């Protein structure tokens, strides 16, 4: 059976805590932007964007970054990767960027995101925010600045994040390999 890691009020409280930490460090966001990593980090970025705009009562710059062609496993797949829509209509030059992804596992997606965003300018600072940090699984020396929850996982386990916008429900589950195929 799948183990529930976050859902309901605890899920919302975690998002609110992450938003509050961002306000504490970025104040009014006048020099900061949010960048969600495609495909699933955009849902976390949208949720935080909504919370931050409500807290600060101002518009906050947010973009979506597709890292498909920057991944180091791009040519190793049997099926071709199809890039998602790219939506960054502002420069990152001298901005403080909060790079956002839902699950932080090996670090390869984040590495690709760092490379891909350089096409939009050179930020003054880049921070990483993740909803779930799968500890002890990093392949690259990257760590998150903001973490919703940390989870110890085995190789045969998968963390599944569901969002209301795409899945009709919201929460985080830990699945074994057999369960991840069924869910």
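Residues that are modelled with pLDDT of 95 or more and surrounded by fewer than 19 Cβ atoms within 10 Å (Cβ to Cβ): does the stretch 67-83 have at least one? No.
The set of residues from the stretch 29-51 being assigned to a helix (DSSP H, G or I) and in contact with a helix residue (DSSP H, G or I) (Cβ under 7 Å, 6 or more places away or on another chain) comprises 43, 47, 48, 51. Annotation note: of 169, 127, 115, 93, the sole residue that is within 21 Å of residue 67 (Cα to Cα), surrounded by fewer than 20 Cβ atoms within 10 Å (Cβ to Cβ) and in contact with a strand residue (DSSP E or B) (Cβ under 7 Å, 6 or more places away or on another chain) is 127. Among the residues of the stretch 29-46, the ones that are closer than 14 Å to residue 100 by Cα and without any contact (Cβ under 8 Å) to a residue 60 or more places away in the chain come to 4 in all. Without any contact (Cβ under 8 Å) to a residue 40 or more places away in the chain, within 16 Å of residue 165 (Cβ to Cβ), surrounded by fewer than 21 Cβ atoms within 10 Å (Cβ to Cβ) and in contact with a helix residue (DSSP H, G or I) (Cβ under 8 Å, 6 or more places away or on another chain) - does that describe any residue in the stretch 14-28? No, because not a single residue in the stretch 14-28 is without any contact (Cβ under 8 Å) to a residue 40 or more places away in the chain, within 16 Å of residue 165 (Cβ to Cβ), surrounded by fewer than 21 Cβ atoms within 10 Å (Cβ to Cβ) and in contact with a helix residue (DSSP H, G or I) (Cβ under 8 Å, 6 or more places away or on another chain).
The values are calculated or read from the model by the stated rules, or taken from the named source; none is laboratory data. Just so it is clear, the structure is predicted and the values come from calculations on it, not from any experiment. When we count neighbours, we look across all protein chains shown, and the Cβ atoms used for this are built from the backbone with ideal geometry, even at glycine.
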